[in-house]
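Read-outs throughout are calculated quantities, based only on the coordinates presented, and are distinct from any laboratory measurement. As the structure is a prediction and not an experimental result, all values here were calculated from the model. Don't worry about glycine lacking a Cβ; one is built from the backbone with ideal geometry, like all the others, and counts go over all protein chains shown.
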Amino acid sequence: MDLTLPAKVHENKLQILGKLAASLTHEIKNPLSVIKLNLDYLKMSSEKYDEETLECIDASLEAADMIDKLIYNTLEFSRKYRDDFNHYCINEIINKSVSITKGNANKKNISVQLKLTDGIPKIKISEAKILQVLVNIISNSIEASEDNSNILINSFHNNGNVKVEIIDEGLGISEEKINEIFNDFYTSKENGTGLGLSVCKSILEEHEAKFELKNNTTKGTNFTIEFKVE
Ligand SMILES: Nc1ncnc2c1ncn2[C@@H]1O[C@H](COP(=O)(O)OP(=O)(O)OP(=O)(O)O)[C@@H](O)[C@H]1O
Ligand SMILES: [Mg+2]
């Protein structure tokens, strides 16, 4: 394959990133198990804490669990089988993603409002990967939003599909950037990697889910995901 210079640089970056991911994954395991052990220990004395502290412990345990699954998925990276796909209610995964991102939303006093349809059909997905997608999208919304604003998450059943919408009132995306944001390494943030949405894109493609990120007519963005009901 005859690659042009930018494509070679890009491929080189991806190779370095692959090695970095593998070594990071390996090294994260030990400190993560210490964090989990300590959180489990705190949870054992739950009578000592108020409700808010217990919620923080639970959210931290869920986040640690998420890292555990990410490590597993990274190690299984080369396998693209749908072996961890099962039937889940999307509302459960939305609730988990909201509890994981709650700390960051609280820091900016952002209210995350949920309008989840009860009894929505289950969809066949990888729980860990869709949790990863939702955490990435909600994190982007939080980062794009001003203090004291709102983020709305809807789930509903539409034309035989399950739809999820994440709507923020943040910065929005300029028309010339809208086609670039899903590219690897595209970021407008000082500390961003620009990998969040490209990871979301490949996970959602693997799920054969349709997705779209567009500006709202008023302010901010609307990320819509549409899953087939299998
Ligand atoms: N809800 C949003 N509102 C406005 N801009 C957004 C939103 N979501 C994504 N973007 C734009 O898309 C870019 C790419 O997002 P992506 O999640 O891939 O990377 P990032 O957020 O910059 O970095 P990282 O995910 O590593 O923190 C962002 O830098 C931002 O410019
Ligand atoms: Mg991001």
Discussion item. Tell me the mean residue ellipticity at 222 nm calculated for the chain from its helices only (DSSP H runs of n ≥ 4, each -39500 (n - 2.57), averaged over every residue, nearest 500).
Written reply: -17000 deg cm²/dmol
Discussion item. Among the listed pairs 36/219; 43/189; 13/43; 36/115; 102/228, which have their C-alpha atoms separated by more than 30 angstrom in this model?
Written reply: 36/219; 43/189; 13/43; 36/115
Worksheet item: When only C-alpha pairs under 8 Å and at least 6 residues apart count, what is the relative contact order of the chain, in percent?
Response: 16 percent
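Chymotrypsin sites (Phe, Trp or Tyr not before Pro) within segment 125-230: which are DSSP loop residues with at most 14 other Cβ atoms inside 10 Å?
185
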Item to complete: Counting other Cβ atoms within 10 Å, keep those with at most 16, restrict to DSSP loop, and tell me which GluC sites (Glu not before Pro) in segment 118-189 are left.
Response: 146, 175, 176, 180
Discussion item. Percent of Cα-Cα pairs more than 28 Å apart in the chain, please.
Written reply: 37 percent
Worksheet item: Across 5 Å bins from 0, what is the distribution of all Cα-Cα pair distances for segment 56-154, in whole percents?
Response: 3, 12, 21, 22, 19, 13, 7, 2, 0
Practice prompt. Enumerate the aspartates and glutamates that residue 69 could reach by cross-link, defined here as Cα to Cα under 19 Å, with residues fewer than 8 away along the same chain left out.
Written response: 27, 40, 58, 83, 84, 92, 127, 206
Practice prompt. Give a residue-ordered list of calculated ³J(HN,Hα) values for segment 32-44 (Karplus: 6.51 cos²θ - 1.76 cosθ + 1.60, θ = phi - 60°; whole Hz; x for Gly, Pro).
Written response: 5, 5, 5, 4, 5, 4, 5, 5, 4, 4, 4, 5, 5
